[in-house]
Amino acid sequence: MFQILKGTFAVFVVVFLLPVAATSAWWAMLDRPASWHAANWQSSGVLPPAQAAGAAIHVLAARTGGLKGALAVHSWIVIKRPGEANYERYDKVGWGMPIRRNGYPADAHWYSNRPFFVHSITGEEAERLIPQVEAAIADYPWRNNGDYRIWPGPNSNSFVAHVLREVPGIGIRLPPNATGRDYAPGFASVRLAPDRRDLHVTLGGLAGFALGARSGLEVHLLGVVAGVDFVNPALKVPALGSVGIAHLW
């Protein structure tokens, strides 16, 4: 029994604790804004001009602010409807009305951190899926004042994860460091994706696992994720995110 406990602790240290500690040390060395008011919230320019774009769905994310940024990203959804000249951005935040529509520029920095594309769909496929995305946004169960909880959720990433689950045609999961994406109400939850391509098991978002075509194999512990993506070969490193296996050689 002692050897089993010793081995389990060693796995925990190597798989979870060391990556979190290393990422936190890297984050501590970066120059970051001292406050919300000092941060850059302006457009980053990563999206093409809306006037030149057709129908599109973009899932974007950026490291969040303060010490949380060492461990987690903030994610949001951007929609460009056919024939319209503007993007629409949807976030869930912890102040004011939790679901914000166009509260920030569509591709704004988040706490001065430049956003990156998690996934994009354009053209006819985006046009087909946009009504489903809008319905999922409207149907989000934790959309009112007081529904936001930074950890383990429901938070900003719980909102985007809900939309992605309800619209499986988008075909992705949020990055492993999108803390809160695995939140589920109650003590224990077992969820099978609507298209039956992912199984998600969690104990209140604090511990669990996921298995499937989109998730690969994941182990969740206290909001951080370790695992392997088999479709797009990558390691899911706690706090750091996905690291393409091809980049390791």
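The values are calculated or read from the model by the stated rules, or taken from the named source; none is laboratory data. This one's a predicted model, so the numbers in the text were calculated from it and none came from an experiment. When we count neighbours, we look across all protein chains shown, and the Cβ atoms used for this are built from the backbone with ideal geometry, even at glycine.
Being touching a Pro at 6+ places or on another chain (Cβ under 6 Å), among the aliphatic types (A, V, I, L, M) and touching a residue at least 24 places away in the same chain (Cβ under 8 Å) is true for just one of Ala53, Ala126, Ala39. Which residue is that? Give the steps one after another, and end with the answer.
Details: Ala53 fails: touching a Pro at 6+ places or on another chain (Cβ under 6 Å); Ala126 fails: touching a Pro at 6+ places or on another chain (Cβ under 6 Å).
Of the residues listed, the single one that is touching a Pro at 6+ places or on another chain (Cβ under 6 Å), among the aliphatic types (A, V, I, L, M) and touching a residue at least 24 places away in the same chain (Cβ under 8 Å) is Ala39.
Of all residue pairs spaced 6 or more apart or on separate chains, those with beta-carbon atoms under 6 Å, a first member in segment 1-25 that is over 18 Å from Val219 (Cα atoms) and among the β-branched types (Val, Ile, Thr) and a second member that is surrounded by 14 or more Cβ atoms within 10 Å (Cβ to Cβ) and modelled with pLDDT of 70 or more are Thr23/Ala70; Thr23/Ala239; Thr23/Leu240.
All of Leu174, Leu164 fail the test of being outside any loop (DSSP other than H, G, I, E, B), buried (at least 20 other Cβ atoms within 10 Å of the Cβ), touching a helix residue (DSSP H, G or I) at 6+ places or on another chain (Cβ under 6 Å) and among the aliphatic types (A, V, I, L, M), apart from Leu164. If you check Glu218, Glu134 for being at pLDDT 95 or above and over 20 Å from Lys80 (Cα atoms), only one passes: Glu218.
With respect to (1) closer than 20 Å to Ala70 by Cβ; (2) of a type outside the set (Val, Ile, Thr); (3) in contact with an Asp or Glu (Cβ under 9 Å, 6 or more places away or on another chain), the lone exception for Arg165 is condition (1).
Among the criteria (1) over 21 Å from Arg181 (Cβ atoms); (2) among the hydrophobic types (A, V, I, L, M, F, W, C); (3) in contact with a helix residue (DSSP H, G or I) (Cβ under 8 Å, 6 or more places away or on another chain), the one Met97 does not fulfil is (3).
Looking at Gly180, Gly169 in this structure, which one is of a type outside the set (D, E, K, R) and either under 14 Å from the mean Cα position of the chain (by Cα) or buried (at least 19 other Cβ atoms within 10 Å of the Cβ) (or both)? Only one candidate qualifies: Gly180.
So which residues in segment 205-220 are part of a strand (DSSP E or B) and surrounded by fewer than 20 Cβ atoms within 10 Å (Cβ to Cβ)? Answer for segment 205-220, where residues must be part of a strand (DSSP E or B) and surrounded by fewer than 20 Cβ atoms within 10 Å (Cβ to Cβ): Ala207, Phe209, Leu211, Gly212, Leu217, Val219.
Every listed requirement among (1) of a type in the set (Val, Ile, Thr); (2) closer than 16 Å to Leu18 by Cα; (3) loosely packed, with under 14 Cβ neighbours inside 10 Å is met by Val224 save one, (3).
Among the residues of segment 181-190, is any over 22 Å from Phe116 (Cα atoms) and not in a loop (DSSP other than H, G, I, E, B)?
So the first thing to find is which residues in segment 181-190 are over 22 Å from Phe116 (Cα atoms), and the list is 183-190.
From what's left, not in a loop (DSSP other than H, G, I, E, B): 189-190.
There is at least one residue in segment 181-190 that is over 22 Å from Phe116 (Cα atoms) and not in a loop (DSSP other than H, G, I, E, B).
Counting only residues that are of a type in the set (S, T, N, Q) and in a loop (DSSP other than H, G, I, E, B), segment 14-49 holds 4 of them.
Annotation: Val243 fulfils all but one of (1) touching a strand residue (DSSP E or B) at 6+ places or on another chain (Cβ under 6 Å); (2) modelled with pLDDT under 90; (3) not in a strand (DSSP E or B); the unmet one is (3).
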